[in-house]
Amino acid sequence: MRRILAVSGEDRVEFLQGLVTNKVGPEPCWAALLTPQGKYLADFLIVPDGERLLVDVDARLEGDLMRRLSMYKLRSKVALEPTDLTVARGTGPAPEGAIMDPRHDALGWRLYGGEGDDGSDWDAIRVAHCIPETLVELIPNETFILEAGFERLHGVDFRKGCYVGQEVTARMKHKTELRKGLVTVGIEGAAPVGTPILMADGREAGTLFTRSGDRAIAHMRFDRMGEGPVAGDARILP
């Protein structure tokens, strides 16, 4: 379930611009709020809507996000409030007024004020394109957004200037080589979300997440991809 928050007031763009990972402008974007240490707290779509910005967030994170945004508000001329807007989504022809999901074309469209879902297999789409989901692959206070594919999915802008957690994120981008991250893998056998992925000698190689058919999203150490790992009773394949 999604909740749609509204940010209004003359400072609304500058307020969010100084907090989130992406550039806030005239087009919809996907972004995240991070800890000062660069770890994920929440992800959301930011959608311009006249004199306000809509923040489309997982309902389970709404309360914490509102609390954190209110904490950062200080003297900014902004108002934060929940709305009763609903959101519809689908992958077929987009209805009038819909926006295209800024993360990936395969995620189709979203219509604010609409209701329902066209029945698309969202897990299959996410697995095929390695798109993380809130509170599944994206874990508050644990996930680093570059390991979760935010750069590939247009969720971070390295030219926009400062935001909370920017220094750590920029250092991971420019001064280190990522050694682990989300990948799509093959899987044979059954294992639940969250199952550790282990090498034959017991060393940890990663964690299994969303599965669709014989493919799954996993958080893996890249140097242990080809050594025959297992997740419980399931084999993990390239």
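Computed from the coordinates by the stated procedures, all read-outs in this text should not be read as laboratory data. None of the values given here were measured: they were computed from a predicted structure. Cβ coordinates were reconstructed from backbone atoms using ideal geometry, including for glycine residues, and neighbour counts include every protein chain displayed.
Annotations for the structure displayed:
- You can think of it this way: the chain between residue 77 and residue 135 has 17.7 nm of extra reach, that is 0.36 nm per residue less the Cα-Cα gap.
- Here each label is just a point 7 Å from Cα along the line to Cβ, and for residue 27 and residue 94 those points are 1.1 nm apart.
- Cut-off 15 Å (backbone N to label point 7 Å along Cα→Cβ of residue 118), residues of segment 68-102: 88-102
- A Förster radius of 22 Å, combined with the Cβ-Cβ distance separating residue 11 from residue 86, puts the computed FRET efficiency at roughly 0.20.
- DSSP-defined beta bridges in segment 83-163 - what % are antiparallel, rounded to 5: 75 percent
- Segment 145-230: equivalent-ellipsoid semi-axes (sqrt of 5 x gyration tensor eigenvalues, Cα, Å): 29, 15, 10
- Loop-located trypsin sites (Lys or Arg not before Pro) in segment 1-110 (DSSP state other than H, G, I, E, B) with a sparse environment of at most 16 neighbouring Cβ atoms within 10 Å: 75, 77.
- Annotation for residue 35 and residue 59: the two label points, set 7 Å from Cα along the Cα-Cβ direction, are 2.8 nm apart.
- Bridgeable lysines around residue 175 (alpha carbons under 20 Å apart, same-chain partners fewer than 8 residues away excluded): 39, 160.
- P(r) tail fraction, segment 21-157 - alpha-carbon pairs more than 25 Å apart, %: 26 percent
- Spin-label pair residue 70/residue 177, simplified geometry with 7 Å Cα→Cβ offset, distance in nm: 4.7 nm
- A DSSP coil position with no more than 15 other Cβ atoms inside 10 Å describes the following trypsin sites (Lys or Arg not before Pro) in segment 164-218: 175, 179, 203.
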